[in-house]
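The numbers here are math on the coordinates, done by the rules we state, and not lab data. Because the structure is predicted, anything quoted here is derived from the model rather than measured. As a convention, Cβ positions derive from the backbone with ideal geometry for all residues, glycine included, and neighbour counts pool all protein chains shown.
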Amino acid sequence: MSARRALVTGVTGQDGSYLAELLLERGYEVHGMVRRSSSDNYERIAHLGDRIRLHQGDLLDPSSLLNLLRSVRPHELYNLAAQSFVPTSWAQPSLTGEFTALGVTRLLEAVRIVDPEIRFYQASSSEMFGKVQEVPQRESTPFYPRSPYAVAKLFGHWITVNYRESFGLHAVSGILFNHESPRRGREFVSRHVSEAVARIKLGLADTLPIGNQDAHRDWGYAREYVDVIWRMLQTEKPVDYVIGTGTAHSVREFIAEAFAHVGLDPADFVRQDPSRLRPAEVDTLLADPSRAKRELGWEARTSFVELVRIMVEADIEAQERSSGRRVGGPGAR
Ligand code: NAP
């Protein structure tokens, strides 16, 4: 029997790279959509070499999406591409809407036209709960987005639901809470902290500028989350799920844990930076992932402390490689 074909948009991103690995392990023929850039940014998928096939396409360009689906004819399509950083969505709200909201419609239209049998996954976000209406947040919790990113994601979410209900597409939306890893973009707070702590430990920096330390997030490990993304497309009926760990921690706790790991006191390095505050805050996000556990047999396994350790260790190694400095012998961290 020939392999199932999967097409991943956003394959150069954090989740796309982990998902491509998982799909290869599970015997898929894996295709990735990449957008043209003057210099390539394939750092996260370089290790996969020619085991995945890359094709140019852009969420802004409908004909590129149509042609891509016509040539690849995937069985499964994972839409992970988006302008995914909340602060940038305040600086570029229209573009965020084009990518993160209308981009989903363009892709769903391409599915409907080329082959309505293609199974479609949409990367929805806990940011859609924003100013939360209930704690913890579950599939039935009303949404209250608090940024152009969250508004755009909510459009993407509802257009996916609408194409499922109107045209019978096997389209699902995963409402994922924060998930991090050493491959997280450097601008996101978790990675901003882990990289700064690594640089401070190596004597390459002496401050950690930070915005709101009281924001609480349900932080999981991205490597585990791509498994549940895959599981969501394998069910007989398309259903949307909330995915998270079920525990929340503050940015302050993340910082404390990261510094504790390298034996330093955050009070000596953390500096308040008002430019990092959001115009409208999302105070606390906390998932109730019980439906996913019950119906998909999935639950998060990596603890918060372990996640912080993985990220700080990876950044220390990366900074040691690029700077030539060393943290020191055994017990130094
Ligand atoms: P990421 O690292 O920022 O990756 C985003 C990807 O989208 C990149 O590959 C990027 O390509 C691509 N992209 C952006 N604009 C595009 C366009 N116009 N056309 C084609 N590709 C485009 O994001 P992530 O953390 O892996 O997250 C994956 C998805 O899950 C995103 O949709 C995100 O919003 C959503 N999500 C993430 C989290 C989380 O905690 N990580 C939580 C909930 C939902 P370039 O490399 O060319 O920039």
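The calculated FRET efficiency for ARG4 paired with ARG294, based on their beta-carbon distance and R0 = 25 Å, is about 0.45. Computed over region 128-273, the Cα gyration tensor eigenvalues convert (square root of 5λ each) into semi-axes of 35, 16, 13 Å, ordered from largest to smallest.
With distances taken between every two different alpha-carbon atoms, region 1-100 has a Kirkwood hydrodynamic radius of 14.2 Å. With the largest listed first and rounded to whole Å, the semi-axes of the equivalent ellipsoid of the chain from the Cα gyration tensor are 33, 23, 19.
Residues whose amide H falls under 5 Å from that of LEU285, counting only those 5 or more places apart or on a different chain, are HIS216, ARG217, ASP218, with hydrogens built in the peptide plane. With the simple spin-label model, which puts each label point 7 Å out from Cα in the Cβ direction, the GLU236 to TRP158 separation comes to 3.2 nm. Stretching GLN56 away from GLU25 to a fully extended chain increases their span by 8.8 nm, per 0.36 nm per residue minus the current alpha-carbon distance.
Bridgeable lysines around LYS293 (alpha carbons under 23 Å apart, same-chain partners fewer than 8 residues away excluded): LYS237.
Taking label positions 7 Å along the Cα-Cβ direction at both ASP40 and SER322, the computed distance is 2.0 nm, reported to one decimal. Candidates PHE188, GLY49, LEU202 compared by Cα position along the dipole of the chain: farthest toward the positive end lies GLY49, with charges placed on Cβ.
Which value, in debye to the nearest 20, gives the size of the charge dipole of region 211-267 about its Cα centre, when Lys and Arg are +1 and Asp and Glu are -1 at the Cβ?
The dipole of region 211-267 has a size of about 140 debye.
In a fully extended conformation the segment linking VAL305 and GLU187 would gain 40.4 nm over its present Cα-Cα distance, using 0.36 nm per residue.
Taking the Cα centre of the chain as origin and assigning +1 to Lys and Arg Cβ atoms and -1 to Asp and Glu Cβ atoms, the resulting dipole is close to 480 debye. Looking at the chain, the DSSP beta bridges with both ends there are about 5 percent antiparallel.
Extension gain, HIS47 to ARG271, is 77.0 nm, computed as 0.36 nm per intervening residue step minus the present C-alpha separation. In a reduced charge model with +1 at each Lys and Arg Cβ and -1 at each Asp and Glu Cβ, region 1-131 shows a dipole moment near 200 debye about its Cα centre.
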